[in-house]
Amino acid sequence: MRHHLKHQHGIMNTLNEGHSSKVNSTMQSPSDAKKRQMSTMDTFVQKIPAHGGLKGHDHNQADHLLLEALCAKLLPSSLVDSPEFRCFLEFICCGAYVPPHRTKMTELIDAKYEALSKIKTLLFAATSVSITTDAATMHTGDSYVTVTAHWLDAKWKMMSCVLGVAISNVSHTAEEIASLVKDLVNVEFMLENRLDSIGKDQGANFLAAVRLRGLPDAVKRVPSYILKDMKVRWDPADPLLGMAAIVHPGHKSLSWLCASDRDKIIKQLRNEMCNVEEQQQKNESIDTDVSGEEEDEMELPSKIQRISPATSTSDDDFNLLFGQKKSQQQDNTAQKKVDKELDKYMKEDETDFRKDDPLLWWKEREMLYPLVAKLAKKYLAIPASTAPSERVFSVAKNILQKKRWNLLPSRLSKHIFLRKNSKLLV
């Protein structure tokens with residue numbers, strides 16, 4: 001009770017004064033001592049405001065706390081109009097807080113859903129994003145498709161969110177699934193250039209949807225007992241599995257692979273590191289070109305005039321003018337940088353994967369292996385199964401009870417979005 005009064009009502013000072021009065025009771029008059037012997041409940045009741053006492057900011061805060069409770073427990077917004085609920089609040093709060101009606105609560109839900117810009121900001125900062133998707137038909141007869149996103153943030157913390165739940169106007173055809181996933185991923189959240197993999201089950205419609213839209217296939221349905229089903233569900237020499245293992249500090253030796261398969265994975269890692277380095281150099285050159293636009297335009301002809309046909313060969317002129325030699329030098333420098341970093345990374349001792357956190361390991365060594373770190377963020381963020389999207393439908397089934405079968409699909413999507421992303425929307 002003391003903890004509740006201190007943190008919820010801020011009246012512990014009064015209680016502390018009453019406690020200290022016991023010590024100094026011999027120095028106080030009988031009337032003062034009697035007042036300070038007031039019970040805790042009497043003090044609590046005296047501190048509660050009169051009817052309608054909560055106003056302005058306090059009342060809005062109470063509305064939002066009520067909204068969060070409804071979303072967290074998947075309760076219908078009509079609960080606020082229930083006579084029993086209102087009678088309970090009136091008794092507890094002594095009329096200090098009157099909850100909003102259902103219409104107002106629905107408006108608050110819509111306003112909170114519009115705050116998904118916070119999710120977009122988090123996703124925009126991610127360099128690599130993986131998604132999972134699944135489809136299900138509810139007992140109401142409606143078909144839905146859901147998409148979840150997974151990534152590693154700048155502090156190497158695993159992040160996940162639900163991008164949305166979309167109703168399908170037709171059955172789960174490949175065209176419909178591909179269209180709904182594409183709209184959520186590219187139109188709503190603009191992840192097209194940073195989407196690295198998509199996890200789905202092995203249904204023919206999902207396989208066709210991936211091929212139809214050119215989505216990057218990645219994840220197969222793998223249960224928690226991965227090691228037991230590894231031979232059945234995964235090819236030990238699968239390139240994706242190998243890349244995820246080699247960027248894991250506890251599995252980079254690839255001890256379960258033969259020498260030829262191990263060399264293939266290392267070669268793929270080297271090639272992807274080269275691609276990362278080339279992209280970084282391109283970005284740097286673009287930045288340099290933009291900063292150089294402010295230079296005097298008259299300097300360019302004077303520089304070109306120095307390349308005279310009478311004084312130089314055509315090959316030298318072409319290479320000097322278009323930077324072919326410089327490009328070759330950059331390629332050689334990039335290759336040396338990649339080989340040096342990869343060799344240093346592979347020589348470092350493996351960690352104990354049973355005890356050590358690979359994300360914490362990478363957080364401490366990101367600057368030491370910058371190219372491998374970018375690939376680690378890409379592959380270690382891929383979920384091992386489509387369970388995240390399947391859990392979304394578990395929540396949906398808890399919402400769509402028999403008494404709520406008339407809930408609109410758009411309203412269902414908002415309830416699920418707020419429920420699953422509550423920690424990111426704080």
Cβ-Cβ under 7 Å, sequence separation 6+ or interchain: first residue in the stretch 276-287 and part of a helix (DSSP H, G or I), partner open to solvent by 70 Å² or more (accessible area, probe 1.4 Å) and modelled with pLDDT under 85. Which pairs? 281/330
For residue 185, all conditions in the list (1) closer than 23 Å to residue 408 by Cα; (2) touching a Ser or Thr at 6+ places or on another chain (Cβ under 8 Å) hold save one; what is the number of the exception? (2)
Being on the phi < 0 side of the Ramachandran plot and buried (at least 19 other Cβ atoms within 10 Å of the Cβ) narrows 182, 200, 112 down to just 200
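Yes/no matrix, rows are residues, columns are (1) open to solvent by less than 40 Å² (accessible area, probe 1.4 Å); (2) among the aliphatic types (A, V, I, L, M); (3) within 13 Å of residue 334 (Cβ to Cβ); (4) out of contact with any Asp or Glu (no Cβ under 9 Å at 6 or more places or on another chain):
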| site | (1), (2), (3), (4) |
| --- | --- |
| 254 | yes, yes, no, no |
| 258 | no, no, no, yes |
| 265 | yes, yes, no, yes |
| 271 | no, no, yes, yes |
| 276 | yes, yes, yes, yes |
| 286 | no, yes, no, yes |
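A quick yes/no check of all residues on (1) within 25 Å of residue 360 (Cα to Cα); (2) modelled with pLDDT of 90 or more; (3) polar (S, T, N, Q):
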position: 251; (1), (2), (3): yes, yes, no
position: 265; (1), (2), (3): yes, yes, no
position: 269; (1), (2), (3): yes, yes, no
position: 279; (1), (2), (3): no, no, yes
position: 287; (1), (2), (3): no, no, no
position: 292; (1), (2), (3): no, no, no
position: 297; (1), (2), (3): no, no, no
position: 300; (1), (2), (3): no, no, no
Go through the stretch 138-186 and report how many residues are of a type outside the set (Lys, Arg) and not in a strand (DSSP E or B). 25
Hey, does the stretch 131-138 have a residue that's touching a His at 6+ places or on another chain (Cβ under 7 Å), surrounded by 13 or more Cβ atoms within 10 Å (Cβ to Cβ) and modelled with pLDDT under 85? no
For the subset of the stretch 377-426 comprising residues that are in a helix (DSSP H, G or I) and among the small types (Gly, Ala, Ser), which member is surrounded by the most Cβ atoms within 10 Å (Cβ to Cβ)? 389
From the list 160, 168, exactly one residue is of a type in the set (Ser, Thr, Tyr) and either in contact with a Cys (Cβ under 7 Å, 6 or more places away or on another chain) or modelled with pLDDT of 90 or more (or both). Which is it? 160
Considering only the stretch 371-400, how many residues are of a type in the set (S, T, N, Q) and farther than 27 Å from residue 115 by Cα? 1
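The values are calculated or read from the model by the stated rules, or taken from the named source; none is laboratory data. Fair warning: this is a prediction, and the values are worked out from it, not measured in the lab. Here the Cβ is made from the backbone with ideal geometry for all residues, glycine too, and neighbour counts use every protein chain on show. What goes into the accessible areas is simple: the full protein's heavy atoms, side chains included, and nothing from ligands, DNA or RNA. Shrake-Rupley method; radii C 1.70, N 1.55, O 1.52, S 1.80 Å.
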